[in-house]
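Values quoted throughout were computed directly from the atomic coordinates according to the rules given, and no laboratory measurement underlies them. Remember, predicted model here, so these are calculated numbers, not experimental data. Quick reminder, even Gly has a Cβ in these numbers, built from the backbone with ideal geometry, and neighbours come from all protein chains shown.
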Amino acid sequence: MPARPPVLIATCWTTAGDVRPDRADNLGRFALAERIDAAARAGYRGFGFWLGDLLAWRESGRDYATLRRLLGDAGIETVELEFLSDWHASGERRSRSDAARTALFEAADALGARHLKVMPPFLPDDLTGSALSEEFAALCDDARRHRLAIGLEMLPFSRLPNLPSALAMVEAADAANGGLLIDIWHVMRSGGSVDDVSTIPANHIVSIELCDALLAVAGTLGEDTMCRRRLCGEGEFDVRGFIAALERTGYQGPFGVEILADDFRKLTLDEACHRSFDTTAVQLDVAALGQPIERPQALPS
């Protein structure tokens, strides 16, 4: 029997419309119900939520039980939440982060989320070394009570700027439900190669994100990541080689599709969902798009 295709997650920005995550007004431009429906009709069986959109949903007087029914009716199996920053900080930054943590854990419980994306430290005085890994381990321990995995996203403009540094931190934390969320864009922009992911133990990979881009950075790194990404197969990254390297690790989890690009944001919701899914499915050799998709790996209890 042929293997079933992997779960593809429509990450929150892929369905958000004409909005950027680095702007103050970063709520999705389409209603969540419409976004879930459009993603499912395109073939996605995973869906990503931005905390701001979830809080807006609640503030409008609607509950998470309604949102979970929408997910179930659409056939969405895997839920991703993003993101949590400053989980390692102190003072006012930590207070804001702890409030966001509480809200995200509440959403995780209600929606049955699989994993939460978390940001690495950015500032020169932020924690490093054993102090940072201890905070990560504590975060993972909190998340374990909610049956939630924690995926640290390595970012080349952070204090964990490449795969070796990010992997060393999560290995030191040694949390069964903690690991890396690896985005091909960040791997390439950190100076790495697609083959680098083949050295990451599968048990330290929480999720993967795919997109494409030109090999040369256009403008600043910030502009490049927010405005210049491309659909899979429409740039110069070796997306298939990246996937092949992951296969050598034994990774069997989901693949998020994250397209941050000015031209992509102008598409209609249906166009964004169908084009992002179809171009990614080709790279993964997913032919039978209508077949049931295998559920992701079980999370540690």
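The trypsin sites (Lys or Arg not before Pro) of the stretch 197-274 that meet both conditions, a loop assignment by DSSP and at most 12 other Cβ atoms within 10 Å of the site Cβ, are Lys266. Between Ala24 and Glu106, the modelled labels are 2.5 nm apart [label points 7 Å from Cα along Cα→Cβ]. Please work out the FRET efficiency for the pair Asp195 and Arg58, using the Cβ-Cβ distance as r and a Förster radius of 51 Å; give the result to the nearest 0.05. It comes to 0.70. Taking amide H atoms as placed 1.01 Å from N in the peptide plane, the amide H of Arg230 lies under 5 Å from those of Asp212, Ala213, each 5 or more residues away in sequence or on another chain. Here Ser97, Ser207, Ser90 are placed in order of increasing Cβ neighbour count within 10 Å, fewest first, which gives Ser90, Ser97, Ser207. Residues whose amide H falls under 5 Å from that of Gly178, counting only those 5 or more places apart or on a different chain, are Ile150, with hydrogens built in the peptide plane.
A helix-only calculation puts the chain at -12500 deg cm²/dmol for mean residue ellipticity at 222 nm, using -39500 (n - 2.57) for each DSSP H run of at least four residues, averaged over all residues. Sites listed here are trypsin sites (Lys or Arg not before Pro) in the stretch 1-49 whose DSSP assignment is loop and whose Cβ has at most 16 other Cβ atoms within 10 Å: Arg23, Arg29. Once both labels are positioned 7 Å from their Cα atoms along Cα-to-Cβ, the gap between Ser90 and Ser165 label points is 2.2 nm. Modelled this way, with points 7 Å down the Cα-to-C-beta line, the labels at Asp98 and Leu215 are 4.9 nm from one another. Plainly put, the stretch 175-235 has a radius of gyration that is 1.02 times its Kirkwood radius, both from alpha-carbon atoms, as the Rg/Rh ratio. Here the contact order of the chain, divided by its residue count and restricted to Cα pairs under 8 Å and six or more residues apart, works out to 22 percent.
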